[in-house]
1. Please list 3J(HN,Hα) in residue order for the stretch 168-178, calculated via the Karplus relation 6.51 cos²θ - 1.76 cosθ + 1.60 where θ = phi - 60°; whole Hz, with x for glycine and proline.
2. Tell me which residues come under 5 Å, amide H to amide H, from Val159 once H is placed; ignore anything under 5 positions away on its chain.
3. Using Cα pairs under 8 angstrom and six or more residues apart, how large is the relative contact order of the stretch 118-223, in percent?
4. Per residue of the stretch 209-219, what does 6.51 cos²θ - 1.76 cosθ + 1.60 with θ = phi - 60° give for ³J(HN,Hα)? Whole Hz please, x for Gly and Pro, Karplus curve as stated.
5. Give me the number: length gained by fully extending Ala212 to Glu173, i.e. 0.36 nm times residue separation minus the C-alpha to C-alpha distance, one decimal in nm.
6. Could you tally the net charge around Arg164, taking each other residue with its Cβ under 14 Å from the Cβ of Arg164, Lys/Arg +1 and Asp/Glu -1?
7. What is the log10 of I(q)/I(0) for the stretch 118-223, computed with the Debye formula using one identical point scatterer on each Cα and no solvent, at q = 0.10, 0.19 Å⁻¹?
8. Please list, in order along the stretch 118-129, the HN-Hα scalar couplings obtained from phi with the Karplus expression 6.51 cos²θ - 1.76 cosθ + 1.60 (θ = phi - 60°), rounded to whole Hz, x for Gly and Pro.
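Here, each number is a calculation from the coordinates, and none is a lab measurement. This is a predicted model, so every value here is computed, not measured. Every residue, glycine as well, gets a Cβ built from its backbone with ideal geometry; the counts of neighbours run over all protein chains shown.
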Amino acid sequence: MHATLSATELRSAARRGEWQGTTAGHCPGQQQVNVVILPRDAAVDFAAFCTRNPRPCPLVEILPPGDPEPVRSAPGADIRTDIAGYRVYRDGRLVDQRSDILDLWHDDLVTFLLGCSFTFEHALIEAGIGVRNVARQSRVSMFVSSLKCVPAGRFHGPVVVSMRPIPVAQVEEVTALSARYPHAHGAPIHVGNPEAIGITDLSKPEYGEPVAIDPGEVPVFWACGVTPQAVAVSARVPFMITHEPAQMFLTDLPREGDLPG
């Protein structure tokens, strides 16, 4: 697969089972989103959770119960098949990883689409700032931090952060650029010393792949849309379906955040 393929083409490839890679670096003009699917009785609490935690969980779209088509974000797409990988959590445990969720779908399920930092990576690249996970086509490093989400109903737990090595001289520019994308986690939430946010070993991310910090670089951390998966574990959520980390849902929404009328 190549970065020149459109969001529609990549969704179709995922639906056919022909696409399993990270979506970082693809579809530079469109937004990428995290996916959380919950039973209707949990949806009100989770919507409140997202409202209280807009940095890790920036809401892009909520689908009506039982509706698998993201009409606002990707008309004609099917949230049950058009992601390369899905995770299924039951009672706080990851119990299944699969390529579609057709047999799990029912009319009670509500889908949340949450913004992703892969959206703003393209702006960094266009500004001449290297993004190593894109250059290497690897999964970005993600860590469970000691930062806590604001609870809402049954949902509580830690903030997951994504980390990218950034040259010290470019941190200010990276911060300003990513701040332009509040729908994709916005500016970093921490720069430098990982231990200050409870991360003791950058070589052992909970999700994704490790990446070295080279001389002259500093680790920069953004709130991450994998946070609901850590929350599912922490709060022992009875049932939650998510995307596989680093394998996002590709929307047709423009990167800059202008939503269709």
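1. Running phi through 6.51 cos²θ - 1.76 cosθ + 1.60 with θ = phi - 60° gives 3, 5, 10, 4, 5, 5, 4, 4, 5, 5, 5 Hz.
2. Answer set, sorted by chain and number: Ser145, Leu147, Lys148, Cys149.
3. Answer for the stretch 118-223 is 34 percent.
4. The phi angles translate into 10, x, 9, 6, 9, 7, x, x, 10, 9, x Hz.
5. 11.9 nm
6. Around Arg164, the charge tally is -2.
7. Values, matching the q order: -0.27, -0.97.
8. 4, 4, 8, 4, 5, 5, 5, 4, 5, 8, x, 9
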